[in-house]
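The values are calculated or read from the model by the stated rules, or taken from the named source; none is laboratory data. Just so you know, these numbers come straight off a predicted model, no measurement behind them. Because the Cβ atoms are built from the backbone with ideal geometry, glycine has one as well, and the counts that use them run over all protein chains shown. The accessibility values were calculated without ligands, DNA or RNA, using every heavy atom of the protein model including side chains. Shrake-Rupley method; radii C 1.70, N 1.55, O 1.52, S 1.80 Å.
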Amino acid sequence: MSLEQTFIMIKPDGVARGLVGEVIKRFEQKGYYLRALKLKNVERELAEEHYVDLKSKPFYPGLVEYIVSGPVVAMVWEGKQSVVTGRKIIGATNPLQSEPGTVRGDFCIDVGRNLIHGSDAVESAKREIALWFPEGLSNNKPFLKWIYE
Ligand code: RTP
């Protein structure tokens, strides 16, 4: 079985507020497999490259400052439709429009402090995973018998 991978990042506010375990719990409970994880102080170049598509937006400089302001937790989660389902677990970009039950809906208020990032498409997940994990990923075999029939 070939399973989709998504890149999920807990932003500096999520790490500083002690919400790492809460986020991991939600992805684990769903049944996704934690393929990679690291706590990382982000170099400015990496933050700029990650959000390169937003370079022309007025909030881009503040967004880069936010991402380099403290350690983030970068992760790769794996499983069926993990990209689209990961976005559902995270909730809408603006936390005031995120449904309760989503990470952003439950834990934050401001779009500029929205706690978490998740890839928005399979292609962007591939780009982001290569960017954040240039060393590559483990090839551990997860035990999936009780997740997939
Ligand atoms: P992300 O990439 O972080 O998962 O967020 P997203 O796809 O839901 O939203 P996107 O439009 O790609 O925006 C990336 C991040 O930029 C910040 N933002 N600030 N001040 C603003 O109006 C504004 N709009 C977006 C947010 O941190 C957003 O997650």
**GluC sites (Glu not before Pro) within region 1-94, DSSP loop, no more than 11 other Cβ atoms inside 10 Å** = Glu43
**Item:** Kirkwood Rh (inverse of mean 1/r, distinct Cα pairs), the chain, angstrom
**Value:** 15.6
**Item:** With every protein chain in place, region 16-105: carbon and sulfur % of accessible area (1.4 Å)
**Value:** 52
**Fill in**
Once Phe7, Phe107 are ranked on solvent-accessible area with the largest value leading and a 1.4 Å probe, the list reads Phe107, Phe7
**Request:** Would you work out the charge dipole size for region 46-87 about its Cα centre, treating the Cβ of every Lys and Arg as +1 and the Cβ of every Asp and Glu as -1, and quote it to the nearest 20 debye?
**Result:** 200
**Item:** Under the Debye formula (equal points on every Cα, no solvent term), log10 I(q)/I(0) of region 9-95 at q = 0.12, 0.18 Å⁻¹
**Value:** -0.40, -0.89
**Item:** Dipole magnitude (debye, nearest 20) for region 1-93, charges at Cβ of Lys, Arg, Asp, Glu
**Value:** 360
**Message:** Here is the link list: Lys38/Lys88; Lys55/Lys80; Lys88/Lys126; Lys38/Lys141; Lys30/Lys57; Lys25/Lys55. Which ones come out longer than 26 Å on Cα distance?
**Reply:** Lys55/Lys80; Lys30/Lys57; Lys25/Lys55
**Accessible area (Å², per residue) of the chain, counting only protein heavy atoms and a probe of 1.4 Å** = 56
